[in-house]
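The values are calculated or read from the model by the stated rules, or taken from the named source; none is laboratory data. Computed from a predicted model, the values in this text were never measured in an experiment. Backbone-built Cβ (ideal geometry, glycine too); neighbour counts: all protein chains shown. Accessible surface areas use protein heavy atoms only, side chains included; no ligands, DNA or RNA. Shrake-Rupley method; radii C 1.70, N 1.55, O 1.52, S 1.80 Å.
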Amino acid sequence: MSTTKKTVKSVEAAGPVTAPDIRAWKGERKIACMTAYDYCSGLIADQAGMDLVLVGDSLAMVMLGHEDTLSVTMDEMLHHTRAASRGVQRALLVADMPFMSYEPSVELAVRNAGRFMKEGRAGAVKLEGGVVVAEQIRAMVNAGIPVVGHVGLTPQHVAEFGGFKAQGKSVDAAKALVEDAQAVEEAGAFAVVLEAIPEEVAQLVTDSVSIPTIGIGAGNVTDGQILVFHDVLGLFDRFTPKFVRRYAELGSLAVESLKRYADDVRYGRFPTDKHTFRMPEDQLNGLRKIKIKNKKK
Ligand code: KIV
């Protein structure tokens, strides 16, 4: 398939996908990524042919109902990563490091990243930040842990940003973003997420690094795209960011379906014969002869 920019392969590559595969696909093929949070969503994302599945800390909001991503814990993230790993067979599974699981020290960062690989069965980890977390990234990579960076709108910094707002909108901010992405690459990350930044800045960053950029709200110039499972499928209604395309309305479909079930129960239309176990014929007579003591009225 030819595009105006460059010839890219649009088909799914054979799996299982590794971090070096993703790294090598820059400029070769667009990288399709999606979040997932458990066995079921992991299986669906994998069967749909995603190259990379991220157990994002967005699970705090879409799975656990928190206001932002700050409250989710290491243990919760591990629990969900382990579950997703049972569903994801082909894609590279990446676990998101939660708030305060890597910032306080390099040692803590390596320990927690190691837990995601060892206990969560992830193939890589992601952490937010650029220059300020470069040391952590370097140490993780030295310990054999593949790392994805994340710059631009980093939701764990929502308090500092004053809300979920697009970043990199001034020349100085754009320069800082380039520095951050380059620091992440120099530290050894194999890819970097660019979230909620102008497309022109995403182009500059993409051209400034030799690792793939994975965009979410960064326009159509990055090496890959990622979206949140619940946003894409219409399962999360609290707000829909500008950069989301909803491919289905499964939330309303689920409510409609469950309403029909509740009505069927109330009106005695469910279960039917098809859903019902029967006593073997030769046991029925004996069953009818059973006398019930203290029969309830
Ligand atoms: O937590 C998350 O879902 C993310 C992606 C949206 C990049 O960090």
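Here the gap between Leu284 and Lys259, fully extended at 0.36 nm per residue and compared with their Cα-Cα distance, gives a gain of 5.4 nm. When the chain is modelled as a GNM with alpha-carbon springs shorter than 10 Å, which of Thr272, Thr81, Thr213 fluctuates the most? With Cα springs under 10 Å in the chain, the top fluctuation among Thr272, Thr81, Thr213 is at Thr272. For the range 169-217, the equivalent ellipsoid derived from the Cα gyration tensor has semi-axes of 16, 12, 8 Å, listed largest first. Approximating the spin labels as points 7 Å out from Cα along Cα→Cβ, the Glu107-to-Arg266 distance works out to 6.1 nm.
Once backbone amide H atoms are built at 1.01 Å from N, Arg29 has Lys9 as its partners under 5 Å, excluding neighbours fewer than 5 places away on the same chain. Subtracting the Cα-Cα distance of Arg121 and Tyr247 from 0.36 nm times their residue separation leaves 42.4 nm of extension gain.
Given +1 at the Cβ of Lys and Arg, -1 at the Cβ of Asp and Glu and no other charges, the dipole of the chain around its Cα centre is 2200 debye to the nearest 20. Accessible area per residue was computed with a 1.4 Å probe on protein heavy atoms; Tyr39 scores about 110 Å². At the listed q of 0.13, 0.18, 0.24 Å⁻¹, the Debye profile of the range 208-297, built from one uniform point per Cα, gives log10 I(q)/I(0) equal to -0.72, -0.96, -1.15. Helical content alone sets the calculated 222 nm signal of the chain at -11500 deg cm²/dmol, taking -39,500 (n - 2.57) per DSSP H segment of four or more residues and averaging over every residue. For the peptides 99-106, 200-207, 160-167, the ranking by packing is 200-207, 99-106, 160-167, with the highest mean count of neighbouring Cβ atoms within 10 Å listed first.
Its convex hull of Cα atoms gives the range 50-200 a direction-averaged projected area, equal to a quarter of the hull surface, of 8.7 nm². Across the range 150-195, the relative contact order, built from alpha-carbon pairs under 8 Å that are at least six residues apart, equals 55 percent. Between Val265, Val110, Val171, where does the largest GNM mean-square fluctuation fall for the chain, given springs only between Cα atoms within less than 10 Å? In the Gaussian network model the winner is Val265. For the range 19-249, the solvent-accessible area works out to 41 Å² per residue, with a probe of 1.4 Å and every protein chain left in place. More than 28 Å apart: what percent of Cα pairs in the chain qualify? Percent of Cα pairs beyond 28 Å in the chain: 43.
Take every pair of alpha-carbon atoms less than 8 Å apart whose residues are at least six positions apart; their mean separation over the length of the chain yields a relative contact order of 14 percent. Among Cys33, Cys40, the sequence by solvent-accessible area, most first, with a 1.4 Å probe is Cys40, Cys33.
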